[in-house]
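Structure, as structure tokens:
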Amino acid sequence: MEYDCRSIASLWSCVKGSTTLITEDIYLSGYVVANDKFGELNKTIVVADDSGGVAIDIDMEDINLHYPLYSRVVIRCAGLWLGRVGPKLILGAEPTANLVVDRISYSEVGNYLSSLPYNDNTPSLRQHKVAELGYRDMLRRISLSDLHIIDEERGSQWADLDTVTGRFRTSIRHFCQGGDTLRVVVDGNCRYANEDIPSTNLRLSGILDWYNGSLALRIINHGIYL
């Protein structure tokens, strides 16, 4: 089936506040650049094209088995709700409570997401300098080299342990690249939460996310390289 797909960046023309019901017959296509493969996201995938990315909240376990990293998908937007959190766009179901969108139910997700045939291409992985990062990179695949953990966090694990619950909690780490500092958000449920952060220079790859009101790199696919 042929789809007349718009760019993901064009979704901004639909924004009418923090939450908007999409009624237009809009299709998007792109690659899955983030999912729950290593527990780095919770019930969310990120789909990106050359213009930008959008998060999609889905009430599904083991999303990676259904929408693996770098697989191609088409999104039918009509009937979905579009939420805006700062410079970040999220697609999902009608919001409840204080959410900008709710998760699309497992039984409904097939009405909105369709997988495309595999090809040999993968979404571009752009090399960045910390100082160059901005809103235009939101939810896009990025890589940064020559990073080192700040002195105050040297010897830390990737996530902090909550001594009350005994579980790791989502944490922020700070890395320097020259004179610039990068925030890195690490989900407490990721598989490497208890791993020690290397003290050597690193290359990190993932997506640029929006966390607690600021830009932050979210490592994807355990993208930590010595």
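Students often check this: by mean Cβ neighbours within 10 Å, which of 135-145, 65-75, 14-24 ranks highest, and how do the rest follow?
Listed from highest to lowest mean packing, they are 135-145, 65-75, 14-24.
Taking 0.36 nm per residue of sequence separation and subtracting the Cα-Cα distance, how much length would be gained by fully extending the chain between Glu61 and Glu132, in nm to one decimal?
Working: separation 71, 0.36 × 71 = 25.56 nm, distance 3.53 nm.
Difference between extended and current length: 22.0 nm.
Could you provide, to the nearest whole Å², the per residue accessible area of the chain with probe 1.4 Å? Don't skip to the answer; put the middle values down first.
Numbers: 11050 Å² over 226 residues.
With all protein chains present, the chain gives 49 Å² per residue.
So who's got an amide H within less than 5 Å of the one on Ile26, skipping anything under 5 residues away but keeping other chains? H placed 1.01 Å off N, in plane.
Cys77, Ala78
Read phi for every residue in the range 129-140 and hand back ³J(HN,Hα) as whole Hz from Karplus 6.51 cos²θ - 1.76 cosθ + 1.60, θ = phi - 60°, with x for Gly and Pro.
Working through the residues one at a time gives 9, 4, 5, 8, 5, x, 4, 5, 8, 4, 6, 9 Hz.
Specify whether the C-alpha gyration tensor of the range 1-145 places it in the rounded, prolate or oblate class, a ≥ b ≥ c being the square roots of the eigenvalues: rounded for a/c under 1.5, otherwise prolate if a/b is larger than b/c and oblate if not.
Rounded is the answer for the range 1-145, as its axis ratio a/c remains below 1.5.
According to a simple spin-label model (label point 7 Å from Cα along Cα-to-Cβ), what is the distance in nm between Asn111 and Asp160?
4.2
Please pull out the direction-averaged projected area of the range 1-41, using the convex hull of its alpha-carbon atoms, in nm² to one decimal place.
Orientation-averaged projected area of the Cα hull: 4.6 nm².
Residue by residue, what Karplus-based ³J(HN,Hα) values in Hz, rounded to whole numbers, does the range 213-221 have, using 6.51, -1.76 and 1.60 with θ = phi - 60° and x for Gly and Pro?
x, 8, 5, 7, 6, 10, 5, 10, 6
Obtain the radius of gyration and the Kirkwood radius of the range 92-226 from its C-alpha atoms and give Rg over Rh.
Values: Rg = 17.2 Å, Rh = 16.9 Å.
Expressed as Rg/Rh, it is 1.02.
So what are the ³J(HN,Hα) numbers for the range 193-210, from phi and the Karplus equation (6.51, -1.76, 1.60; θ = phi - 60°), rounded to whole Hz, Gly and Pro as x?
With coefficients 6.51, -1.76 and 1.60, one gets 4, 8, 7, 6, 6, x, 8, 7, 5, 10, 10, 10, 10, x, 10, 7, 10, 10 Hz.
What is the distance, in nm, between label points placed 7 Å from the Cα along the Cα-to-Cβ direction at Thr181 and at Asn194?
Between Thr181 and Asn194, the simple spin-label model gives 3.0 nm.
Measure off 7 Å from each Cα along the Cα-to-Cβ vector at Asp151 and Leu21, then give the distance between these two points in nanometres to one decimal.
5.7
The values are calculated or read from the model by the stated rules, or taken from the named source; none is laboratory data. This structure is a prediction, so every number in the text was calculated from the model and none was measured. Here the Cβ is made from the backbone with ideal geometry for all residues, glycine too, and neighbour counts use every protein chain on show. Note: areas computed on protein heavy atoms with side chains; ligands, DNA, RNA excluded. Shrake-Rupley method; radii C 1.70, N 1.55, O 1.52, S 1.80 Å.
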